[in-house]
Amino acid sequence: MSAPIRVLVCDDQMLIRTGLVTIIDSQPDMEVAGDCGDGRTGVELAEKLRPDVVVMDIRMPVLDGLEATRLLAGAGVPHPVKVLVITTFNLDEYVYEALRAGASGFLLKDAPPDRLLHGIRTVATGAALLDPDVTRQLVGRYAARIRPTEKTPGDIPLTPRELEVLRLIAEGLSNSEIAAALVISQETVKTFVSRILAKLQLRDRVQAVVYAYRHGLAT
């Protein structure tokens, strides 16, 4: 039997934090490594406990979830921790910045428990968790904040097919939707996604979406 997924829960609202802890601890393949109510303590506990996933609220005292995420998973962090951001609003102005800060995905606080558990398992595997519809809204609203580079698609080290897949990722399509659009198998899509991330040195689909907007592949 594989080791359980160790989760650190960071939320300043005790009622919500207790609920999250109870839900996670009820799963045979998960265990709560710790919990706290502010971002600074979250960073300290994550560095000490090295959980597989940190469930991070955005709005917290002492240090907000955005800065805590950047310290745990941002660019240049030698041993990044996987962070799953939870928020009250699907278009919270901080969500986009949290994803740029290194979060592997986000969920709404009113999501059902099974979606939270699915999210933790997804992030723990190294995949990103982005609801396609919310991704389209989120990136569409905040695309103007992404500063475009002077590089053109011709400067990007991807094949035409890989560029096509990257554009569809940026549109918020899931693997199954990309497979249907290009009339290929989901396994082939997974292979393309892995190649794209490796070639561009990106960690996950979140970074791929930002990359596509920065390089003019999506608008």
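Quick grid of which residues meet (1) among the small types (G, A, S); (2) over 15 Å from the mean Cα position of the chain (by Cα):
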{"residue": "V21", "(1), (2)": "no, yes"}
{"residue": "P28", "(1), (2)": "no, yes"}
{"residue": "C36", "(1), (2)": "no, yes"}
{"residue": "G39", "(1), (2)": "yes, yes"}
{"residue": "E44", "(1), (2)": "no, yes"}
{"residue": "L66", "(1), (2)": "no, no"}
{"residue": "L72", "(1), (2)": "no, no"}
Condition check: out of contact with any Pro (no Cβ under 6 Å at 6 or more places or on another chain), at pLDDT 90 or above and of a type in the set (D, E). Does D92 satisfy that? no
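The values are calculated or read from the model by the stated rules, or taken from the named source; none is laboratory data. Keep in mind that this is a model prediction, so the values were computed, not measured. Counting neighbours? That spans all protein chains shown, and the Cβs are built from the backbone with ideal geometry, glycine included.
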